[in-house]
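To start, the structure itself, in structure tokens.
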Amino acid sequence: MKPHSAWHALLILPTLLGMGKANKMTDLQILDTLLTQYDRRATPSNQWNNATVVDCELYIRSFGSINPSSMDYHVDLYLRQTWVDQRLNHADIDQPLDLNDPNLVKAIWKPEVYFPNAKHAEFQFVTVPNVLVRINPHGEILYMLRLKLLFSCMLELSKFPLDAQICTMEVASFSKTMKELELRWKSEDPIKMYRDLRMPQYEINAIRPSICNESFYIGNYSCLVAEFSLQRSIGFYLVQVYLPTILIVVISWVSFWMDVDSVPGRTTLGVTTLLTVSTKSS
Ligand SMILES: *[C@@H]1O[C@H](CO)[C@@H](O)[C@H](O)[C@H]1NC(C)=O
Ligand SMILES: *[C@@H]1O[C@H](CO)[C@@H](O)[C@H](O)[C@H]1NC(C)=O
Ligand SMILES: *[C@@H]1O[C@H](CO)[C@@H](O)[C@H](O)[C@H]1NC(C)=O
């Protein structure tokens, strides 16, 4: 029995020494202790009975495929939300803690937002789920998600191809009414575009963040909307449509110089012009 307990003492010794030296817990251990009494169903301001304010920011990484037949467009974006959760405030957390562990992401309260005008949405999972939770000192939480979305956009095409469109992206609270959750745009520059963003047929004229509070019989919900004013670039249609059509029409005038009696020649030219124009526009 003797050697066995000696081994035991040897094994325990470093642990005892270590505990004496560093009784300061690591940030992750602090977080674990904070989470033991954490109720993720309660909003951070539940105890004061007022709304939790969540600041939102969009970073648009790609924008395009505006489809007039299905009236929608594809977007790849980062949604960044920040709020203060005093339950995750601890004096010993003195530097930001970046985490993307799915279990931790699940364990804390997050704003339940959705995209009212999205037809389809997907999380991005390659190579890891594209989500980040940053716990800053003083309980400030940053929650970032990367999403692939298909938004509906009602295009007004009566002036085509000289049209301008307004497409929107809405972000709203799904389950918490305005008494519990208030969404706000980040105070400065809340909608950012990737610097090299280009679209083949449109130019983005202006981006306007605004508010679209929704009032239903069951409650009032906080809602944010980003409006994108798009202007169709006429260059594409000049080269692809206007120029060829003008040339075909000019060529059809050749029949005025033809002999009055060469009826087959003039007829062929007229019919060919008609067929070409009708094929082009289909
Ligand atoms: C809610 O109440 C707390 C404590 O009184 C206060 O710090 C916080 O700013 C309030 N939030 C809102 C949105 O009024
Ligand atoms: C939306 O609701 C917020 C919070 O109650 C309020 O401050 C804001 O003025 C409302 N905006 C509109 C356009 O109704
Ligand atoms: C929603 O807001 C309107 C105007 O602020 C108010 O009259 C109405 O009672 C609210 N509805 C609910 C369900 O809180």
Kindly provide the pair-distance distribution of the chain built from C-alpha pairs, with 10 Å bins from 0 and whole-percent values in order of increasing distance. 5, 20, 21, 16, 11, 9, 7, 5, 3, 1, 1, 0, 0
For labels at Asn89 and Phe125 in the simple 7 Å Cα→Cβ model, what's the distance in nm? 3.8 nm
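Run the numbers for Gln231 and Ser70: contour at 0.36 nm per residue of separation, minus the present Cα-Cα distance, in nm.
Numbers: separation 161, 0.36 × 161 = 57.96 nm, distance 1.90 nm.
The span from Gln231 to Ser70 would gain 56.1 nm if fully extended.
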For the range 260-276 and the range 180-235, what is the centre-to-centre distance using only Cα atoms, to the nearest Å? 53 Å
Over the chain, with a Gaussian network built from C-alpha contacts below 10 Å, which listed residue (Leu145, Leu34, Leu77) shows the highest mean-square fluctuation? Leu34
Using Cα springs under 10 Å in a Gaussian network model of the chain, which residue among Ser255, Ser187, Ser65 shows the largest mean-square fluctuation? Ser255
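Please work out the FRET efficiency for the pair Glu140 and Leu35, using the Cβ-Cβ distance as r and a Förster radius of 22 Å; give the result to the nearest 0.05.
Numbers: r = 17 Å, r/R0 = 0.76.
It comes out at approximately 0.85.
Note the full-extension length gain between Leu247 and Ala42 as 0.36 nm times their separation in residues minus their Cα-Cα distance, in nm to one decimal. Intermediate results must be reported in sequence, preceding the final value.
On the way: separation 205, 0.36 × 205 = 73.80 nm, distance 6.89 nm.
Gain in length upon complete extension: 66.9 nm.
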Taking the Cα centre as origin and putting +1 on Lys and Arg beta-carbons and -1 on Asp and Glu beta-carbons, what dipole magnitude results for the chain, to the nearest 20 debye? 520 debye
Free-standing Cys, the chain [no other Cys Cβ under 4.7 Å]: Cys56
For the chain, with a Gaussian network of springs between Cα atoms less than 10 Å apart, report the residue from Val250, Val75, Val133 with the top mean-square fluctuation. Val250
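May I ask you to compute the full-extension gain from Ile218 to Asp259, defined as 0.36 nm times their residue separation minus their alpha-carbon distance, rounded to one decimal in nm? Don't skip to the end; give the middle numbers.
Working: separation 41, 0.36 × 41 = 14.76 nm, distance 7.93 nm.
Result for the pair: 6.8 nm of gain on full extension.
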Relative contact order of the chain (C-alpha contacts under 8 Å, at least 6 apart) in percent is 18 percent
Calculate the FRET efficiency for Ser278 and Asp196 from the Cβ-Cβ distance with a Förster distance of 51 Å, rounded to the nearest 0.05. 0.85
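Bear in mind these aren't lab numbers, they're just calculated from the coordinates by the rules spelled out. All figures in this text were calculated on a predicted structure; none of them were measured in a lab. Note that each Cβ is placed from the backbone with ideal geometry, even for glycine, and that neighbours are counted across all protein chains shown.
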